Amino acid sequence: AIVILTLFIMLLSNSADNTNHVVHVQPHKKDCVEANKLPCLNEHCIFASSEILKSIDASIDPCDDFYGYSCNQWIKNNPIPEGKSTWGTFGKLEQMNQLIIRN
């Protein structure tokens, strides 16, 4: 109960002080200068977008089966490893990080 009360007090004190923002979201304005800004083209953005594109199954109409459209290629290219009950992007990322740490 003390923890909940403390969190509630912290929440109230943060809401009164508008200078602390965890996430700051602004509406998109078409007339702003950055509206014409190019998308992220650095190495990390290109890698992330290529991983997403490799997961898409373009042979499926997304209006008929969006899950299949967005995930079939990832499932096909990333079978569940032996000894694991589930497998996903976070498990794969964890495994890759463990390999980097070991090396």
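The values are calculated or read from the model by the stated rules, or taken from the named source; none is laboratory data. If you're wondering where the values come from, they're calculated on a predicted model, not measured in any experiment. FYI the Cβ positions are ideal-geometry reconstructions off the backbone, even for glycines, and counts take in every protein chain you see. Side chains are part of the model used for accessible areas, which takes the heavy atoms of the whole protein and leaves out ligands, DNA and RNA. Shrake-Rupley method; radii C 1.70, N 1.55, O 1.52, S 1.80 Å.
Tabulated data
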| read-out | value |
| --- | --- |
| For residue 23: the one exception among (1) open to solvent by 80 Å² or more (accessible area, probe 1.4 Å); (2) at pLDDT below 85; (3) over 30 Å from residue 95 (Cβ atoms) | (3) |
| The listed residue being modelled with pLDDT under 85 and in a helix (DSSP H, G or I), out of 8, 47 | 8 |
| Residue ID - most open to solvent (accessible area, probe 1.4 Å), chosen from residues in segment 51-103 that are outside any helix (DSSP H, G or I) and of a type in the set (D, E, K, R) | 82 |
| Test result for residue 55, among the small types (Gly, Ala, Ser) and modelled with pLDDT under 65 | no |
| Residues within segment 37-73 that are under 15 Å from the mean Cα position of the chain (by Cα) and not hydroxyl-bearing (Ser, Thr, Tyr), tallied | 9 |
